[in-house]
Amino acid sequence: MVEGNIVMDTILSAYAGIGDGGPKYRRLADAVRSAIEAGRLAPGDKLPPVRDLAYDLGITPGTVARAYTILTDSGAARAEVGRGTFVNGARPVRPKLMPDPPWPATEETEPESAFVSFVSPKLPDCGQVDMIRASFARLGDQPALRLLNYPSRAAFRPAREAILEHISDTPLGPVSEDDLVFSHGGQNGIGIVMQTVLRGAKPVVLVEELSYPGFRRAAELLRAEVIAVPMDGEGISPEALDDLARRHSAQLLCTSPEIHNPTGIRTPDHRREAIAEVARRRGLHVLEDDCYRLAPRSGPSYRGLLPDLGWYVGSISKSVTPALRIGFCVAPQTWRAEMRRVADHGFFSLSLSLADLLTDLLAQPEMTGVLDAVRAEYNRYIRAAANILGRFDLTWRDDVPFLWLHLPSGWRAAAFAQAAEKEGVQLRAADEFALRDGFAPHAIRIAINAQVSLVAFEAAMERVRRLLENPPEGIAV
């Protein structure tokens with residue numbers, strides 16, 4: 001094993017020999033990896049503390065930390081809590097399957113010129129990555145038959161119970177683990193519900209006037225007609241819903257009452273009850289998409305209001321990670337057997353290994369703290385955006401990882417999105433949330449990207465602000 005000062009000298013020498021091309025964090029990771037492959041660093045050698053190595057190399061601690069992350073991700077090194085980072089001899093070094101994307105912005109990227117995507121929310125790592133890695137390691141010791149056989153429904157019982165405990169603040173009405181099936185993310189869950197309830201040659205699905213595009217995409221795959229229901233500041237209009245459900249014999253309404261995507265509004269309780277009354281009178285199923293909710297529940301669910309017609313879809317994608325693709329559907333008790341058949345016939349089931357991973361993750365006492373930290377970190381970014389853009393027509397809420405911005409006079413949504421992209425900022429225009437022939441205001445959705453530094457995030461928001469203040473002056477002829 002090499003002494004600490006020799007390790008430092010070895011890394012300094014290797015870094016000097018890498019050359020000047022590419023980001024510093026990548027060059028440092030390559031230098032350490034080359035020293036390992038040449039045998040100058042041995043398994044078990046402790047890498048220098050981040051700040052010490054940063055000082056000696058004349059770079060930032062964040063650069064060293066990112067290089068160490070690349071090394072641990074590839075298996076070249078391992079991080080031990082409270083002890084440091086060590087050269088890994090327990091498993092072979094494997095190259096990353098995909099290169100790091102050109103963002104997030106880091107200390108090595110000029111915030112004024114960094115490309116930042118605000119198309120979809122991007123979670124901060126508040127400890128869940130290490131928890132996922134640890135869960136994977138624990139699951140490696142499972143009995144052989146659990147890793148060799150097709151799973152039975154009984155094998156998923158612990159995971160179903162874990163999810164119901166996880167969402168226990170949601171007023172779903174009488175519910176048991178038998179009412180739940182897993183899906184490959186929330187989008188797959190939406191498809192499962194539609195396949196379960198839609199009947200006939202040309203079923204009709206109702207969606208909000210502006211709504212999550214995945215609703216119509218799933219409906220179109222099933223050859224259903226999609227019709228938009230007018231909205232106001234409280235959500236869907238019950239009167240319009242009643243008229244459209246009656247005239248088109250609609251079978252399903254898709255809605256997001258807790259956090260409407262894309263506007264972020266919340267449907268108040270009295271409006272939900274009015275919508276539920278229409279659904280009850282028209283025999284209309286209601287699918288509630290609750291995937292964006294991070295905070296404790298603040299109102300009734302449609303499954304609770306409509307025991308025979310209400311469906312609930314959720315996932316861990318917006319709160320823990322979208323990488324695992326774990327979602328779930330909760331059916332009315334009278335429909336749960338049909339929903340299970342649809343899921344079983346469609347894809348047998350979620351991988352049992354993923355379900356076991358979920359059970360293990362949710363059982364960790366640290367998970368509550370991680371979820372709170374994710375919300376707090378998101379809120380730092382949300383408030384930073386509100387501080388910069390607050391004088392415009394901006395809708396935002398704590399714990400909602402996107403903002404809704406009505407554009408000032410002179411800007412159209414598509415033109416603004418194009419202009420922003422030229423400035424290195426990707427946004428989603430309102431028309432992406434409307435039907436092809438539907439109404440779309442001149443507005444944009446800004447999803448929170450908490451994977452870039454707050455400095456880079458604020459710089460991107462400043463670019464958005466400057467565009468808002470300077471609409472185009474030309475006239476097309």
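Every helix of 4 or more DSSP H residues in the chain counts as -39500 (n - 2.57), and over all residues that averages to -13000 deg cm²/dmol at 222 nm.
Under the Kirkwood approximation applied to all pairs of distinct alpha-carbon atoms, what is the hydrodynamic radius of segment 367-469 in Å?
Values: mean 1/r = 0.0700 Å⁻¹.
After inverting the pairwise mean of 1/r, the radius is 14.3 Å.
For a quick check: sort LYS318, LYS46 by the number of other beta carbons within 10 angstrom, fewest at the front.
Numbers: LYS318 21, LYS46 18.
In order of increasing Cβ crowding within 10 Å: LYS46, LYS318.
Just one of (i) 26.3; (ii) 28.5; (iii) 23.9 is mean projected area of the Cα convex hull in nm² calculated from these coordinates, so which is it? Correct label, based on the coordinates given: (i). So what's the net charge close to ARG428: Lys and Arg +1, Asp and Glu -1, counting the other residues with Cβ under 12 Å from its Cβ? Local net charge: -2.
Relative to the longest principal axis of the Cα atoms of the chain, helix 4-16 runs at roughly 80 degrees.
Around VAL181, what is the net charge, scoring Lys/Arg as +1 and Asp/Glu as -1 over all other residues with Cβ under 15 Å from its Cβ? List each step's numbers first, then the result.
Values: positive: ARG153, ARG157, ARG160, ARG303, ARG325, ARG336, ARG340, ARG341; negative: GLU161, GLU177, ASP178, ASP179, GLU338, ASP344.
Counting the neighbours of VAL181, the net charge comes to +2.
The C-alpha atoms of the chain define a longest principal axis, and helix 269-282 lies at about 60 degrees to it.
Calculate how many DSSP beta bridges within the chain are antiparallel, expressed in % of all such bridges and rounded to the nearest 5. Before the final figure, lay out the partial values.
On the way: 25 of 44 bridges.
For the chain, the DSSP antiparallel bridge percentage is about 55.
Distance from the Cα centroid of segment 149-193 to that of segment 262-285 is 24 Å (rounded to whole angstrom). In segment 299-431, the C-alpha radius of gyration followed by the widest Cα-Cα span (Dmax) gives 20.1, 54 angstrom. Neighbours of ARG272 by Cβ distance under 11 Å: Lys/Arg scored +1, Asp/Glu scored -1, total -4. Ranked for footprinting exposure by Cβ neighbours inside 10 Å, fewest first, LEU309, LEU221, LEU357 give LEU221, LEU357, LEU309. Against the chain, whose longest principal axis is taken from its Cα atoms, helix 454-469 shows a tilt of about 50°. Considered as an equivalent ellipsoid built on the Cα gyration tensor, segment 150-363 has semi-axes of 27, 19, 15 Å, the largest given first.
Among MET8, MET461, what is the fewest-to-most ranking by other Cβ atoms within 10 Å? Can you show the working numbers first?
Numbers: MET8 18, MET461 22.
So the ranking, lowest neighbour count to highest, is MET8, MET461.
Since every read-out is calculated from the coordinates, none of them should be taken as a lab result. Given the structure is predicted, the values throughout are model-derived calculations rather than measurements. Because the Cβ atoms are built from the backbone with ideal geometry, glycine has one as well, and the counts that use them run over all protein chains shown.
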